[in-house]
Structures are given as structure tokens and as C-alpha cells.
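Student: Here it is, the structure, as C-alpha cells.
The values are calculated or read from the model by the stated rules, or taken from the named source; none is laboratory data. Everything numeric here is computed off the predicted structure, so don't read it as measured data. Glycine gets a Cβ as well: all are built from the backbone with ideal geometry, and neighbour counts include every protein chain shown. Heads up: the accessible areas ignore ligands, DNA and RNA and are worked out on the full protein's heavy atoms, side chains in. Shrake-Rupley method; radii C 1.70, N 1.55, O 1.52, S 1.80 Å.
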Amino acid sequence: MGHELIGRLLGWASVQAEGGFWMPVQGSTGAVVVDRIFSLVLWVSVFFFVLIVSLMVFFVVRYRRRDARDEATPSPRHNTLLEVTWTAIPIVIVIVIFVWGFTAFLNLNVPPANSYEVLVTGQKWKWLFTYPSGHVDEDLHVSVNTPVSLVMTSEDVIHGFYVPAFRLKRDVVPGRYVKLWFRAVKPGEYQIYCTQYCGTGHSDMWAKVVVHEPGGFERWLEEASNFLKTMSPAQAGERLVRTRGCAQCHTVNGTAGTGPTFLSLFGHQVALEGGRTAPADEDYVRESIMEPQAKIVAGFQPVMPTFKGRLTDQEVTAIIEYLKTLK
Ligand code: CUA
């Protein structure tokens, strides 16, 4: 017990099966490596801090000026053995830290060739994960013991992708792609944060890594990809609004964003630029999605991109059914 407690406090051994006093759980193979290097640097620093400060205090006390008539003894000019020692030992230590740290850095940055690739998109204010099947999800689902590589980018501003349990952190930047990879070692759920202040919703920019048992991931992906069949159209539409970028510009709470709110839209008359009005029926919503420039709502800019080819008929229908529920 006492031994294990000391091990936990010092951060070594099989410490973090459940998370230690200092560190979160070690959820990936990379986390183990990162923690070992961190512990090495930490304890080397602590050792030399204690050594140097103790010697300093000792010398200050031992060789203090006891009498005003004391004269300083001349310092020795040179001590080759001492100087070689205090140069060689630190060089060896920093070389060990560099080689170990740099190798681990490279390993953590180069995904294995057989890794499962997921696209990660940061946007205000959520993470979206696109799987090879084309399915888009708000959480990152993976299989245990499988190398997963993340190809990450941002749609708007700089976000920071951070999974403490995997010791994984990288900024995602609009206009470029960055990569990370990991191999989760234990089924469970782990928190994802955003670590760059990206605006009002920054602190809500959460997601989960869900690590499945062997076989569970495939079942989940199959079921999640078929949400149009398994959910009601309105539920599926709500999901599509969140995951396909609609919610970035259109709120459902009545406040105007870049585009008009979806609240109480369906079934009402919409005032258009130029003084005309149009009834917001099924055809209006469909046209607004497929040809957004056809009718511009009064007070808004014609900035919406077309979703032709990006949403299927079935998906558009689901979104329409969802809008009907927003009264
Ligand atoms: Cu995204 Cu902070």
C-alpha cells in the first residue's frame, strides 16, 4: 500500500491504470511513453535542484564571514577533473533526454501504415469526425488496440485538439492539414477539449473519444451510418442540422446568426430582399438548401453555399421534417 502510494506520487510503475494523483489515466500506448519521458525530465530536475540548492545553503553557512577582519582566501584558478565532470555528466543527460524525446516525438507523429483514418474538423464550436464510410459524427469512435490516425483541419479559426488521457494535443489551423495518431489500450470514454480560445462557445467545445471493445466499433459504425433508417425523420433532420454545418449559421432559439433562425420558420411568410414575401413550405426549404441565392431573406447577405450533391433527397426531407417541429 505504502509502496504503491509512493509509486503513484512519484509517477512511475503501473501507476495510471485509473489515473494517478498527478496525471490522468493512460489511455493509449503513446501516453505511457510521454509519461516516462516526462518523469525522467522531472526527476532529473528535482535531483539537481535539491543537490545545488543544498550545496549552496551549506556553503553560505559554512564559509560565511565570521569576523570583520577575515580576509577572503584566494580561489583556486582551475580544477580540470571537476570541470570535466560537471560538463560531461550534464551532456550525457541532455543527450539521453534529446534522443529519447525526439524518437518518441517522431513516432507519435508518423502514423503506422495500416492505421484507420478519421477526418477531424474543428469549427465554432464543435468537433466533427468523418469516417471512411462518409458518416459524420460528433464523437470520435474507435476500436481498442487499433492504430487510428487523425487528419485534422479547421473550418474557421484556430482550435486546439486535446485528449489528456492520450497525451495528444495539436492545433488545427484553417487551410492546412495536420496529423496525429494513437492506439487506445482500454475501452471506455475519454474527454476531448479545445485548447485555443476560439470565441464565445470555446468552453463548450467538448467531445468524447469512445473506445469500443473488439467488434463493437464496426457494429456502432453500421448502426450510426444508418440513422436515416433507424431514427424518425425529424430526429434524423436534427442530427443533420448539427453535423452538416447548418447550425453554424442558423440557430434554433430565435436569434439571428449569419443566416435567419430556424425557429418558427416553417409555415410562416418570409420577407425577402426587394419587398416580396414567400411562404416557407417544403418547396421553399428545399430550394433554399439547393439554390440558396434564389430567394434572399430580407436583412441577410447572399453568402450560403449550395448543398446540391452534399445532401441527398432523403436528407433534405429529414431536415424539412425537423424544421416543422421548431415552433
Ligand atoms: Cu475551439 Cu476553443
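Student: Can you pull out the residues in region 241-255 that are open to solvent by 60 Å² or more (accessible area, probe 1.4 Å) and hydroxyl-bearing (Ser, Thr, Tyr)?
Tutor: THR255
Student: Condition (residue is loosely packed, with under 15 Cβ neighbours inside 10 Å and either within 9 Å of the ligand (Cβ to nearest atom) or at pLDDT below 95 (or both)) applied to region 160-169: is it met by at least one residue? Break it down stepwise before answering.
Tutor: So in region 160-169, the residues loosely packed, with under 15 Cβ neighbours inside 10 Å come out as 169.
Checking the rest, the ones that are also either within 9 Å of the ligand (Cβ to nearest atom) or at pLDDT below 95 (or both) come to 169.
Yes, region 160-169 contains at least one residue that is loosely packed, with under 15 Cβ neighbours inside 10 Å and either within 9 Å of the ligand (Cβ to nearest atom) or at pLDDT below 95 (or both).
Student: Run GLY11 past the list (1) in contact with a helix residue (DSSP H, G or I) (Cβ under 8 Å, 6 or more places away or on another chain); (2) open to solvent by 60 Å² or more (accessible area, probe 1.4 Å); (3) modelled with pLDDT under 90 and report the number of the one that doesn't hold.
Tutor: Of (1) in contact with a helix residue (DSSP H, G or I) (Cβ under 8 Å, 6 or more places away or on another chain); (2) open to solvent by 60 Å² or more (accessible area, probe 1.4 Å); (3) modelled with pLDDT under 90, only one is false for GLY11: (2).
Student: If you check ARG286 against the conditions, is it among the basic types (Lys, Arg), outside the structural domain of HIS141 (by TED's automatic domain parsing) and crowded, with 18+ Cβ neighbours inside 10 Å?
Tutor: no
Student: Conditions first: (1) within 30 Å of ASP171 (Cα to Cα); (2) among the β-branched types (Val, Ile, Thr); (3) outside the structural domain of PHE129 (by TED's automatic domain parsing); (4) not in a loop (DSSP other than H, G, I, E, B). VAL270 passes all but one, so which condition is the exception?
Tutor: (1)
Student: Here is a follow-up. Could you check how many residues of region 182-203 are more than 9 Å from the ligand (Cβ to nearest atom) and either more than 12 Å from the chain's Cα centre (by Cα) or of a type in the set (Ser, Thr, Tyr) (or both)? Reasoning before the result, please.
Tutor: Going residue by residue through region 182-203, those that are more than 9 Å from the ligand (Cβ to nearest atom) are 182-192, 200.
Okay, now just the ones that are also either more than 12 Å from the chain's Cα centre (by Cα) or of a type in the set (Ser, Thr, Tyr) (or both), so 182-190, 200.
Count: 10.
Student: Residue by residue through region 114-152, note down the ones that are at pLDDT 90 or above, among the hydrophobic types (A, V, I, L, M, F, W, C) and open to solvent by 30 Å² or more (accessible area, probe 1.4 Å).
Tutor: Across region 114-152, the qualifying residue is only LEU119.
Student: I'd like to check something: does region 27-40 contain any residue that is touching a residue at least 60 places away in the same chain (Cβ under 8 Å), under 30 Å from PRO187 (Cβ atoms) and outside any helix (DSSP H, G or I)?
Tutor: Within region 27-40, one or more residues are touching a residue at least 60 places away in the same chain (Cβ under 8 Å), under 30 Å from PRO187 (Cβ atoms) and outside any helix (DSSP H, G or I).
Student: Cβ-Cβ distance below 8 Å, separation of 6 or more or different chains: which pairs start in region 151-163 with a residue that is among the small types (Gly, Ala, Ser) and end on one that is crowded, with 24+ Cβ neighbours inside 10 Å?
Tutor: Cβ pairs passing all conditions: SER154/GLY122; SER154/VAL172; GLY160/VAL172; GLY160/CYS194.
Student: Run down PHE307, PHE217, PHE266 and say which single residue is modelled with pLDDT of 85 or more and open to solvent by 30 Å² or more (accessible area, probe 1.4 Å). Break it down stepwise before answering.
Tutor: Numbers: PHE307 fails: open to solvent by 30 Å² or more (accessible area, probe 1.4 Å); PHE217 fails: open to solvent by 30 Å² or more (accessible area, probe 1.4 Å).
Going through PHE307, PHE217, PHE266 in turn, the sole match is PHE266.
Student: Here is a further query. Could you figure out which of (1) more than 26 Å from ARG239 (Cβ to Cβ); (2) open to solvent by 20 Å² or more (accessible area, probe 1.4 Å) isn't true of GLU155?
Tutor: Unmet for GLU155, out of (1) more than 26 Å from ARG239 (Cβ to Cβ); (2) open to solvent by 20 Å² or more (accessible area, probe 1.4 Å): (1).
Student: Can I ask one more? Among (1) within 11 Å of the ligand (Cβ to nearest atom); (2) in a loop (DSSP other than H, G, I, E, B); (3) farther than 28 Å from THR325 by Cα; (4) not basic (Lys, Arg), where does PRO214 come up short?
Tutor: Failed condition: (1).
Student: Shifting gears a bit: Check whether at least one residue in region 94-108 is closer than 25 Å to HIS212 by Cβ, in a loop (DSSP other than H, G, I, E, B) and either in the same structural domain as GLU218 (by TED's automatic domain parsing) or open to solvent by less than 90 Å² (accessible area, probe 1.4 Å) (or both), and report yes or no.
Tutor: Taking region 94-108 first, the residues closer than 25 Å to HIS212 by Cβ are 107-108.
Imposing the further condition that a residue be in a loop (DSSP other than H, G, I, E, B) reduces the set to none.
Checked against the condition, which is being closer than 25 Å to HIS212 by Cβ, in a loop (DSSP other than H, G, I, E, B) and either in the same structural domain as GLU218 (by TED's automatic domain parsing) or open to solvent by less than 90 Å² (accessible area, probe 1.4 Å) (or both), region 94-108 yields no hits at all.
Student: Just checking, how many residues over region 121-145 are in contact with a Phe, Trp or Tyr (Cβ under 6 Å, 6 or more places away or on another chain) and within 21 Å of TYR162 (Cβ to Cβ)?
Tutor: Number satisfying all stated conditions: 3.
Student: Here is a check on your reading of the model: is ILE6 in a helix (DSSP H, G or I), within 30 Å of TYR190 (Cβ to Cβ) and at pLDDT below 95?
Tutor: Considered against the rule, which asks whether it is in a helix (DSSP H, G or I), within 30 Å of TYR190 (Cβ to Cβ) and at pLDDT below 95, ILE6 comes out as yes.
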